[in-house]
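The values are calculated or read from the model by the stated rules, or taken from the named source; none is laboratory data. Just so we're clear, the structure is a prediction, and the values are computed from it rather than from any experiment. A quick note on method: Cβ atoms are made from the backbone with ideal geometry, for glycine too, and the neighbour counts reach across all protein chains shown. Ligands, DNA and RNA are excluded from the accessible area calculation, which covers all protein heavy atoms including side chains. Shrake-Rupley method; radii C 1.70, N 1.55, O 1.52, S 1.80 Å.
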Amino acid sequence: MNINKQLSAIAIALVVLISGCSKDDAQEIIGESPVVVSVNPENATINVPLDKTISVVFNQEMKASTFDLSSFTLQGTTLVVGTVSISGKTASFKPTAPLAANTTYTGTIRTTVKNITGQALKADYVWTFSTGTALNPMVISTDPINKATDVVINKVVAANFNMPMDQTTLNESSFTVNQGTTVIAGSVSYIGTTVYFKPSVSLKANTLYTATITTQAKNIQGTALNANYTWTFTTGTTTAPTVVSTDPLDNAKATLLNKSITATFSIAMDPKTINDKTFTVKNGTTPLTGVVTYTGTTVTFDPSTDLLPGTTYTATISGAKNLAGIALANDYVWDFSTSSTIVGNMVNLGSAQRFGILAGVGVSNNAGFSEIRNMDVGISPGVRSSITGFPPAIIVEGAIYASDDITPSGIAATLVNAKQDLTNAYLFAEGASTPAPATVSGDQGGKTLAPGIYKSTSTLLIQSGDLTLDAQGDANAVWIFQVASDFTTVGGAGGNVILSGGAQAKNVFWQVGRSATIGNYTIFKGNILALTSITMNSHATIQGRLLARNGSIVMTHTNIISKP
C-alpha cells in the first residue's frame with residue numbers, strides 16, 4: 001500500500017471512530033472518489049437474457065443528476081437506447097427494446113458520474129457481456145387452460161415452456177396446485193419442455209383450483225422465469241379413462257428388437273378413436289410405421305420393422321375416447337430402450353489425453369475471452385506463430401506447446417508422440433465393430449441413445465433438438481460415433497449433447513472423417529477426433545477435447561473447453 005492509500009485509510013478510520021458513521025459515509029465525508037464494486041451481468045458473462053436490465057453497484061451513494069445516457073452507455077452493434085435510473089449506490093440501465101441475440105455488448109460508466117459530495121469516478125469503467133438466443137424462459141401453454149371449467153377430476157396438470165428447462169428446478173416446491181390455501185399433495189415430472197403435476201388422489205368435484213410455477217424454475221443455462229406464473233381451473237364431476245399399464249414399462253431397458261408395444265386402458269374404449277394417429281411410437285422426432293389393433297381394453301402397436309438396437313423410443317397415446325365419448329385426461333407418454341451390449345472403455349487416447357486442443361497446422365481464437373481449462377494446447381507439425389488469439393484466450397491450469405518450442409526439452413518429440421497416439425485412437429474408433437454398429441443418418445436432434453457404436457456413411461447433424469446419451473446407470477458406458485464425412489451441431493431449437501443416467505463426457509468419442517463444427521451457443525460433450533479441422537462457433541462450450549489430425553482448430557468467439 002503506498003503512502004497516499006495509507007493516509008486515506010487512516011483518515012477514514014478516524015472519521016468512523018469520531019462520528020460513528022459507516023465506512024462508506026466516511027469515504028464520502030473525506031472526499032474519496034467512488035469506485036464500481038460489481039456489475040450485473042458480470043464481465044465476460046455469456047447467454048445473458050435479451051430482456052436483461054443492466055445494473056452497476058458503487059461503494060458509495062451516488063448523485064442521481066450525474067447519471068444519464070451519456071454517462072452510462074451500452075454499446076452493441078449500435079448504441080442501445082434505454083432508461084437510466086439511480087437508487088442509492090445502484091445504477092440501472094433498462095433497454096427500451098430487447099437486446100439482440102448472439103451479440104456482444106460493452107457497458108461503460110464514464111468519469112462524469114459523481115458521488116453525493118461531488119467526487120467523480122477516477123477512470124471510465126468498461127466491461128462486456130454477450131447475449132444468448134432467447135428471452136427468459138416462460139410458460140407458453142397450460143393444460144387445463146386458464147379459467148377452464150368442467151375439468152375431469154383425475155386430471156394431471158401440465159405446463160409447457162418455450163425452451164428446455166433444468167429438470168432439477170422443477171419439483172413440488174416450484175410447481176404447486178392449491179385449493180384455496182390448501183396445498184394439494186402430488187408429484188412433479190418433466191418430459192421435453194413440459195412439466196406435469198400428478199395429484200396423489202383425484203381432485204374434488206366442482207372445485208376451483210390454482211396452479212403456480214414459481215421463479216425457482218430455471219432453464220438449462222440457469223435463467224429463471226421473470227415472475228411466478230399462475231392460472232386457475234374448475235373441476236366438473238367426470239372421471240376420464242386412463243392408461244393403467246404398458247408393455248414395455250415406462251423407462252424399461254433391454255427391450256427386444258421384435259417387440260410389440262401395448263397399453264391397457266381402465267375402461268373399454270371406442271375402437272374408432274384407436275388408430276395410428278392416436279397411438280404413435282417415435283425414435284426421437286421420427287415416427288415409426290406400424291399397425292395398430294385394439295381388443296378388449298388393450299391397444300397394440302406392431303412396428304413394420306424391427307426396432308434399432310441401443311435406442312430409446314417414445315410411445316404416445318393421445319385423443320383416444322371411451323364409449324361415452326370422454327377422452328383421456330391427458331396424453332399418455334412413456335419411454336423404453338432396446339437391448340444393447342455395453343461397449344467397454346475401448347478408445348485409448350494415450351498421451352493425447354492431456355490436450356484440450358491438439359491440432360496439425362493452426363490454433364486460433366478469433367474473438368472474446370475463450371478458456372481452455374485444466375488441459376494443454378498443442379500443435380504439430382505447426383509452429384507457435386500459427387497459434388493466435390492468446391490472449392484474450394487463456395489457459396487455466398495448462399500450457400501451450402508448439403513443435404518449434406526450444407523449451408521444455410523434448411517437447412517436439414512429445415508432440416509427435418501425442419499426434420501418433422491421436423492417429424491410433426482415430427483409426428481404432430473408425431474401425432470399432434463390437435458390438436455391431438447401429439446405422440444412423442441425418443439429424444440426431446431429439447433422440448436418446450444408449451451406449452454403443454453408431455455409424456453414419458455420410459454427414460451427421462444435431463439440430464432439431466438435443467441429443468441425449470443415456471448410460472442407464474453404468475458410469476463406464478461408452479459411445480463411439482463413426483461419421484464418414486462432416487459433423488455439425490446447429491444452435492437454436494436444440495443442438496446440444498446431454499448426458500444422463502451416469503454418462504461421462506470422457507467416454508464419448510466422435511470420430512469425424514472430415515471436419516466438425518460446433519454450433520453457436522451449443523453445449524457439447526465428448527472427445528472429437530477429426531481427420532481435418534474443428535470449429536467452435538460463437539459462445540459454444542464443450543466438456544471434452546478437440547483433436548484434429550491434419551488441420552486447424554478455430555475458436556470463433558468466447559468459447560470454453562473444460563476437461564471431461
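Points worth noting:
- Of the trypsin sites (Lys or Arg not before Pro) found in the range 128-215, those that fall in a DSSP loop while having at most 14 other beta-carbon atoms within 10 Å are 147, 204.
- Close amide H partners of residue 526, meaning residues 5 or more places away or on another chain with modelled amide H under 5 Å apart, are 543, 544, 545.
- Percent carbon-and-sulfur accessible area, the range 149-273, ignoring ligands, DNA and RNA, probe 1.4 Å: 52 percent
- For the range 54-159: relative contact order, % (alpha-carbon pairs under 8 angstrom, 6 or more apart): 24 percent
- Ordering of 116-125, 526-535, 456-465 by packing [mean C-beta count within 10 Å, highest first]: 526-535, 456-465, 116-125
- Based on protein heavy atoms only, the chain ends up with 43 Å² per residue of surface accessible to a 1.4 Å probe.
- The chain, relative contact order [Cα under 8 Å, separation at least 6], %: 8 percent
- Charge tally around residue 187: other residues with Cβ under 15 Å, Lys/Arg +1 each, Asp/Glu -1 each, net 0.
- The phi torsions of the range 372-377, fed into the Karplus equation with coefficients 6.51, -1.76 and 1.60 and a -60° offset, translate into couplings of 10, 10, 6, 8, 8, 10 Hz, rounded to whole numbers, with Gly and Pro shown as x.
- Neighbour net charge for residue 354 - beta-carbon separation under 14 angstrom, K R +1, D E -1: +2
- List 523, 213, 145, ordered by accessible area with a 1.4 Å probe, largest first: 145, 523, 213
- Radius 15 Å from Cβ of residue 551, net charge of other residues (Lys, Arg +1; Asp, Glu -1): +2
- Alpha carbon centroid spacing (whole Å) that separates the range 212-271 from the range 445-491: 26 Å
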